[in-house]
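Here the structure comes first, spelled out in structure tokens, and everything after it is commentary.
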Amino acid sequence: MLRRLEDFLGARGAHYELIAHKESVTAQEGAAATHVSGWSWAKVVIVKEREGYAMAVLPACCAIDTNRLKGLIGLGEIELASIDEIRKTFPGCEVGAVPPFGRLFGVPTVVEEALVDQRDIAMPAGDHHSAIRMRATEYLRLTEPRRGQFAVHERETFPVHPKPRARVRKPGGELPRVRGGTARRGRP
């Protein structure tokens, strides 16, 4: 666990559980390693905006809708920060394991509503071998983030299976017969 994070949490009387786990590189791996749902693991994405950097925090199983995030931040164009920029702005943190506490680093935090709708959330603690878990209400108390809806479930962004083609109704409203079964009459 990052010492700076431990001091930050201690100074604010935070209630949390420290979890040691096998090495994880991605947010989904972190969720799996700590036995929590991807909806309950806080993934941190650092973006550059006009006035510097911002921290976007969302469920591990989601991706950012950049247009929604841009509107929520409200300062014009945004882009992902580079690895070198992350290393400079978040000293002591391993890339991909930045804790979701922007206040700790003087960076504004924007959090996805779907994450803080969970009872408990888990998050990286500065390295790829430790995490912390706390109540979502405790996380909100500690971070005082801007909240909004800017995440899209990854399956909606990158579909695993293509959507089936729509069937066209015959004149008169009948559906064509489907090989291996029958088409059902339903709402148009």
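Readers should treat all values here as calculations from the given coordinates under stated rules, not as data from a laboratory. None of the values given here were measured: they were computed from a predicted structure. Here the Cβ is made from the backbone with ideal geometry for all residues, glycine too, and neighbour counts use every protein chain on show.
Brief remarks follow.
- Virtual spin-label span in nm between Arg147 and Asp84, 7 Å along Cα→Cβ: 3.9
- Seen from Met1, the other residues with C-beta closer than 12 Å to its C-beta sum to a net charge of -3, counting Lys and Arg as +1 and Asp and Glu as -1.
- Using only the C-alpha atoms, the convex hull of region 54-93 corresponds to 89 Å³ per residue.
- Chain lengthening between Asp127 and Glu51 when straightened (0.36 nm per residue, less Cα-Cα): 24.6 nm
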